[in-house]
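Below you'll find the structure, written out as structure tokens, and then a few comments.
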Amino acid sequence: MSNMGQRNFGRRFLVAYCACLLAALGLLLYPLYVIRPFRAQGPRELSMALAAIRYRPPILALCVAAALAALVWYWRREPRRARRLASAAGILAVAAAAWLSRVNVYELMFHPSGEPTFSTAAGAKLDGREKVIAVRLGGAARAYAVRSMSYHHVVNDLLDGEPIVATY
């Protein structure tokens, strides 16, 4: 094969690989960037991030399949072993981004609080402006500090003998 033809098929592989990698990384990172805790999201960017989450499984499956097809095509034409191995390692990046997109990072970050501990209202160490979620059931009442709830979003508790879930 001529030197020009060899460069041409190498470029085609690189373009296909880069397109697959950029799509995989975009579908992985954009929703993570937009849907961050304690950050306001605009309706348009949130809508786009949720659409990316909704449609990324089939799109990423196509990206991985296209990257693998490009890899097979490239391997059939590339005689140099080092380039073949480098191209295979590159495809692993596309597959890794696809796999990581299946992990729900919000479940990892925000998990229910374990067994909460409480003190009396007089013994609580809250400043006067601290916000709380107050729950009253029967003759019992509890207050959950929003500051600590913002890291868990869910507290499983037992109040007046009844299991409850407080959420923020």
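The table for this structure:
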{"read-out": "Any pair with Cβ under 7 angstrom, 6 or more apart, that starts in segment 49-62 at a residue that is outside the structural domain of ALA93 (by TED's automatic domain parsing) and farther than 13 Å from LEU32 by Cβ and ends at one that is assigned to a helix (DSSP H, G or I) and small (Gly, Ala, Ser)", "value": "none"}
{"read-out": "Matching option when the condition is modelled with pLDDT of 85 or more, surrounded by 13 or more Cβ atoms within 10 Å (Cβ to Cβ) and assigned by TED's automatic domain parsing to the domain that holds LEU21, among ALA143, ALA86, ALA95", "value": "ALA95"}
{"read-out": "Yes/no for ARG44 being in a helix (DSSP H, G or I), within 16 Å of the chain's Cα centre (by Cα) and modelled with pLDDT of 90 or more", "value": "no"}
{"read-out": "Which numbered condition VAL34 fails, given (1) modelled with pLDDT of 95 or more; (2) in contact with a helix residue (DSSP H, G or I) (Cβ under 6 Å, 6 or more places away or on another chain)", "value": "(1)"}
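The values are calculated or read from the model by the stated rules, or taken from the named source; none is laboratory data. Since the structure is predicted, the reported quantities are computational estimates derived from the model, not experimental observations. So basically every Cβ, Gly included, is an ideal-geometry build from the backbone, and we count neighbours across all protein chains shown.
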